[in-house]
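Here is the structure we will look at.
The values are calculated or read from the model by the stated rules, or taken from the named source; none is laboratory data. Just so it is clear, the model here is predicted, and its values are computed rather than measured. Because the Cβ atoms are built from the backbone with ideal geometry, glycine has one as well, and the counts that use them run over all protein chains shown.
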Amino acid sequence: MGTVKSLNKWANAHTYYPIDILRIIVGIFLFTKGVSFITNAEYYSQLVAPIKNLGGGMLFVHYIIAAHMMGGIMIVFGLLTRWAIIAQLPILLCAFLINFVGEMHVGNMILSFLLFSICVFFLFYGSGKHSADYYFKMNS
């Protein structure tokens, strides 16, 4: 717990608007990706084709969509950002690794690795000073 508090103090002392804008962009991107998975079922079924024969394939599908949509909203507002990021990391890691199991899509691989790296940064950085977490902490 002391580590999280020290990370929050450091992040709040070194917060900048571009980092907050990056957090918001990541959240919007994840939310729109979740919406696109719902609306474009054929494309999504092609993406998860390498893992659809595993047990609980439909559970993966629903987890990915829900985590992207709810996590994206939470990341945009900076509400429980670290928890939302923790829910995204296994999805993004699998999105990166699935390129080696199935057909290689270089664009998807680069995008998932870049998004994974940004999420790892926000896992340590937190939501920053311009977030709902900071607002609730200061007003409690």
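Just checking, does the range 60-79 include any residue being out of contact with any Gly (no Cβ under 9 Å at 6 or more places or on another chain), exposed (fewer than 14 other Cβ atoms within 10 Å of the Cβ) and not aromatic (Phe, Trp, Tyr)? Yes. For the range 80-115, a tally of residues being acidic (Asp, Glu) and either in contact with a helix residue (DSSP H, G or I) (Cβ under 7 Å, 6 or more places away or on another chain) or crowded, with 20+ Cβ neighbours inside 10 Å (or both) returns 0.
For every residue, the table says whether it meets (1) in contact with a Lys or Arg (Cβ under 6 Å, 6 or more places away or on another chain); (2) small (Gly, Ala, Ser); (3) under 12 Å from ARG23 (Cα atoms); (4) modelled with pLDDT of 80 or more.
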site	(1), (2), (3), (4)
ILE110	no, no, no, yes
PHE121	no, no, yes, yes
TYR125	no, no, yes, yes
GLY128	no, yes, yes, no
SER131	no, yes, yes, no
LYS137	no, no, no, no
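Among the residues of the range 1-36, which ones are polar (S, T, N, Q), modelled with pLDDT under 70 and more than 18 Å from LEU80 (Cβ to Cβ)? Result: no residue meets the conditions. Provide a single number: the residues in the range 39-55 that are part of a helix (DSSP H, G or I) and either modelled with pLDDT of 85 or more or of a type in the set (D, E, K, R) (or both). So the count comes out to 2. Considering each residue of the range 102-118 in turn, none proves to be in contact (Cβ under 8 Å) with a residue 40 or more places away in the chain, part of a helix (DSSP H, G or I) and hydroxyl-bearing (Ser, Thr, Tyr).
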